[in-house]
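**Student:** Next up is a structure, given as structure tokens.
The values are calculated or read from the model by the stated rules, or taken from the named source; none is laboratory data. Keep in mind that what you see is a predicted model, and the values were worked out from it rather than measured. Using ideal geometry, Cβ is built from the backbone for each residue, glycine included, and neighbour counts are taken over all protein chains shown.
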Amino acid sequence: MKSLGNIRRSFAPWTDPSEKPFISFNNVTKKFGDFTAVDDLSLNIYTREFFALLGASGCGKSTLLRMLAGFEQPTSGEIVLDGQNLAGTPPYRRPVNMMFQSYALFPHMTVEKNIAFGLRQDGMPKNEIAERVAQMLKLVKLEQFAKRKPNQLSGGQRQRVALARSLAKRPKVLLLDEPLGALDKKLREETQFELMDLQQSLGLTFVVVTHDQEEAMTMADRIAVMSHGKVVQVATPAEVYEAPNCRFVADFIGDVNIFDGNVTTAASGIVEIAVDNGFTIRTATTESPATGSRAGFAVRPEKLRVSRNAPANASTNATEGEIWDIGYLGDMTVFHVKLKNGQVVKASSLNAVRAVEEPFGYDQQVWVSFDENAGVLLKD
């Protein structure tokens, strides 16, 4: 059986009907006056899952996280954690901890005192606090910085202190609100893998809010794509990218080319679309659109081939165009190609060798083509 994308780990409790969710949002709505931030949303998250809430600003993802933490209360619906309805439970009584985007470290306290703060508030004995703080410092590799204050640390180090403080109380769930937003690109990429390794070694449930698609795709076991207070699709990163369930998800996640047209053939698992003022797309699909209906077809830039000559079978999934823009990104080259029907598409090519004998140039006439299974038919 073929899989969509590579499998990071075999962990997939959501596929087991007998597995009970660890966190459940049941028909949750949150209103602020006349504005609906979360709209009748239902969602299940499983124990030991690294789950991402992904969406643009204002989609409701942070509000959802704050309701789980107890900082906001649902207008209607219920939130259940490990079998317990959280209604009326104050934040400090919930088995969750939240790591804020700003880190919210105490500037007058040392690293070890910041980590110990919540433990002291809970009345833990001093010797146990010292032992737990030492464990946390080792976990985030900051033992030598224990006596420093936050202003003596780099952004990445402050992020680790905040993480250690959040984990010190050993919550059942760690909530992360844009946890890597303050880091530079290289450090952010390194920290993503560190968080993944840490989450799996601790066996905790992580729920992260982010607007960064790459961040969600890298870290999460599953992603909930949100829009206007609703969950549009919940799936693994590979499924969200390779099999978006609607036009919004296809367009929101990564780069995509969408071809619109009329369905001319729909039989035996094969659909053909006459692209507006263009060419014919032929694809294998389980969808059964009506002949003559409008349809969209989404295909990612890396699935498009750019060539000087027409492909062997140019009657379907192939059209001529002209190179308008070229972007050299080091590991790959991106081409913007204007097709004969006027649509501009994006194609990307991996730079597998250092030198190209006959590189493409601006205004060059080329062919753009793709395989039958390269894209996905869009429902709307």
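**Student:** Is there a residue being closer than 12 Å to residue 96 by Cα, out of contact with any strand residue (DSSP E or B) (no Cβ under 7 Å at 6 or more places or on another chain) and either assigned to a helix (DSSP H, G or I) or not aromatic (Phe, Trp, Tyr) (or both) anywhere in segment 163-173?
**Tutor:** yes
**Student:** Out of (1) outside any helix (DSSP H, G or I); (2) without any contact (Cβ under 8 Å) to a residue 24 or more places away in the chain; (3) among the hydrophobic types (A, V, I, L, M, F, W, C); (4) surrounded by 22 or more Cβ atoms within 10 Å (Cβ to Cβ), what's the single condition that is false for residue 240?
**Tutor:** Just one mismatch for residue 240, condition (1).
**Student:** Look through 29, 15, 36 and report the one residue that is more than 19 Å from the chain's Cα centre (by Cα) and within 25 Å of residue 254 (Cβ to Cβ).
**Tutor:** 15
**Student:** Here is a list: 222, 160. Which entry is surrounded by 19 or more Cβ atoms within 10 Å (Cβ to Cβ), more than 14 Å from the chain's Cα centre (by Cα) and more than 26 Å from residue 294 (Cα to Cα)?
**Tutor:** Checking each option against the conditions leaves just 160.
**Student:** Looking at segment 288-323 only, could you name the residues that are in a loop (DSSP other than H, G, I, E, B), polar (S, T, N, Q) and touching a residue at least 40 places away in the same chain (Cβ under 8 Å)? Steps first, answer last, please.
**Tutor:** Residues of segment 288-323 that are in a loop (DSSP other than H, G, I, E, B), as a first pass: 288-293, 300, 304, 308-317.
Going one step further and asking which of them are polar (S, T, N, Q), we end up with 288, 291, 293, 309, 313, 315-317.
Correct list: 309, 316, 317.
**Student:** Can you say whether residue 69 is closer than 17 Å to residue 230 by Cα, out of contact with any Phe, Trp or Tyr (no Cβ under 7 Å at 6 or more places or on another chain) and of a type in the set (Gly, Ala, Ser), as far as the supplied structure shows?
**Tutor:** Numbers: closer than 17 Å to residue 230 by Cα: no; out of contact with any Phe, Trp or Tyr (no Cβ under 7 Å at 6 or more places or on another chain): yes; of a type in the set (Gly, Ala, Ser): yes.
Answer is no for this residue.
**Student:** Which of the residues belonging to segment 122-162 are of a type in the set (D, E, K, R), over 20 Å from residue 187 (Cα atoms) and part of a loop (DSSP other than H, G, I, E, B)?
**Tutor:** Answer for segment 122-162, where residues must be of a type in the set (D, E, K, R), over 20 Å from residue 187 (Cα atoms) and part of a loop (DSSP other than H, G, I, E, B): 122, 147, 148, 149.
**Student:** Restricting to segment 66-84, give me the number of residues that are surrounded by 16 or more Cβ atoms within 10 Å (Cβ to Cβ) and outside any loop (DSSP other than H, G, I, E, B).
**Tutor:** Here the count works out to 8.
**Student:** Under 9 Å between Cβ atoms, which residue pairs at least 6 apart in sequence (or on different chains) link something in segment 93-105 that is touching a residue at least 24 places away in the same chain (Cβ under 8 Å) with a partner that is of a type in the set (Phe, Trp, Tyr) and surrounded by fewer than 21 Cβ atoms within 10 Å (Cβ to Cβ)?
**Tutor:** Within 9 Å, the pairs are 98/71.
**Student:** Considering (1) assigned to a loop (DSSP other than H, G, I, E, B); (2) free of Cβ contacts under 8 Å to residues at least 60 places away in the same chain, say which one residue 187 fails and leave the rest.
**Tutor:** (1)
**Student:** Count, please, the residues in segment 309-343 that happen to be aliphatic (A, V, I, L, M) and either more than 25 Å from residue 354 (Cα to Cα) or over 33 Å from the mean Cα position of the chain (by Cα) (or both). Show your work before the answer.
**Tutor:** Step one: list which residues in segment 309-343 are aliphatic (A, V, I, L, M), which gives 310, 312, 314, 318, 323, 326, 329, 332, 334, 337, 339.
Among the residues that remain, those that are also either more than 25 Å from residue 354 (Cα to Cα) or over 33 Å from the mean Cα position of the chain (by Cα) (or both) are: 310, 312, 314, 318, 339.
The qualifying residues number 5.
**Student:** Looking at 339, 350, can you tell me which residue is buried (at least 17 other Cβ atoms within 10 Å of the Cβ) and touching a residue at least 12 places away in the same chain (Cβ under 8 Å)? Please lay out each step first, then the result.
**Tutor:** On the way: 350 fails: buried (at least 17 other Cβ atoms within 10 Å of the Cβ).
None of the other options fit; the residue is 339.
**Student:** Additional query: Based on what the data block shows, is residue 301 loosely packed, with under 15 Cβ neighbours inside 10 Å and either among the aliphatic types (A, V, I, L, M) or assigned by TED's automatic domain parsing to the domain that holds residue 273 (or both)?
**Tutor:** no
**Student:** Which of the residues spanning segment 1-55 are acidic (Asp, Glu) and in a loop (DSSP other than H, G, I, E, B)?
**Tutor:** Filtering segment 1-55 for residues acidic (Asp, Glu) gives 16, 19, 34, 39-40, 49.
Passing the criteria: 16, 19, 34, 49.
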